[in-house]
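**Q** First the structure, then my questions, so here it is.
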Amino acid sequence: MKTLLNLIWLVLCGFWMFLGYVLAGAVLCVTIIGIPFGVAAFRIGIYALWPFGYTAVDRQDAGAPSCVGNVLWLVLAGWWLALGHIFTGIALCVTIIGIPLGIANFKLIPVSLMPLGKEIVPTDQPFAPR
């Protein structure tokens, strides 16, 4: 079922959201200071490309630097990526078949707003590795 949902997701919205994250990552990697944010964009972009079967969990070792980084991320790229998830989720929820995909889009909003301090793990092991 995960594979089927991922394939439908990929066709309807996953590829376009992935391209948004890749664009954000490429722009952020232009400066040396932006490289960690670009890497986070690429990491979350892969999650947005193939989300079913994976989940985002908080890292236990994330501290104040990730909190400050998340504020910068929110200003630089997070808000418009979250808007992409909101609009795509609303559009998908218009149809009965698209409702699970729309809900998945809404679940990606917190990760798109604050990706630093999060780890993407398979759903069969929902705890971040140490």
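**Q** How high is the relative contact order of the chain, in percent, with contacts defined as C-alpha pairs under 8 Å that are six or more residues apart?
**A** Relative contact order, the chain: 30 percent.
**Q** Given a 1.4 angstrom probe, I'd like the percentage of the accessible area of the chain that is carbon and sulfur, rounded to a whole number.
**A** C and S fraction of accessible area: 76 percent.
**Q** With the contact rule set at Cα under 8 Å and sequence spacing of 6 or more, what percent relative contact order holds for the stretch 61-130?
**A** 37
**Q** What are the ³J(HN,Hα) couplings of the stretch 8-17, residue after residue, when phi is run through the Karplus curve with 6.51, -1.76, 1.60 and θ = phi - 60°? Round to Hz, x for glycine and proline.
**A** Ordered by residue, 3J(HN,Hα) equals 5, 4, 4, 6, 7, 8, x, 5, 6, 5 Hz.
**Q** Here is a further query. Treating each Cα of the stretch 74-127 as an identical point scatterer and ignoring solvent, apply the Debye formula and state log10 I(q)/I(0) at q = 0.13, 0.16 Å⁻¹.
**A** -0.38, -0.54
**Q** Grab every C-alpha pair in the stretch 21-68, bin the distances at 5 angstrom width from 0 up to the longest one, and report whole percents.
**A** Going from the shortest bin to the longest, the percentages are 5, 20, 21, 23, 20, 10, 1.
**Q** Right, next: In Å², and per residue, what accessible area does the chain have when probed at 1.4 Å with the other protein chains present?
**A** 58
**Q** So how do 17-24, 65-72 stack up, highest first, on mean other-Cβ count within 10 Å?
**A** Peptide ranking by packing, descending: 17-24, 65-72.
**Q** How much net charge surrounds Phe37 when only other residues with a Cβ under 15 Å from its Cβ are counted (Lys, Arg +1; Asp, Glu -1)?
**A** +2
**Q** Please give the contour-minus-distance gain from Ala64 to Trp80: 0.36 nm per residue of separation, less the Cα-Cα distance, rounded to one decimal in nm.
**A** 3.4 nm
The values are calculated or read from the model by the stated rules, or taken from the named source; none is laboratory data. Model, not experiment: these values are computed from the prediction. Here the Cβ is made from the backbone with ideal geometry for all residues, glycine too, and neighbour counts use every protein chain on show. With ligands, DNA and RNA removed, areas are computed over all heavy atoms of the protein, side chains included. Shrake-Rupley method; radii C 1.70, N 1.55, O 1.52, S 1.80 Å.
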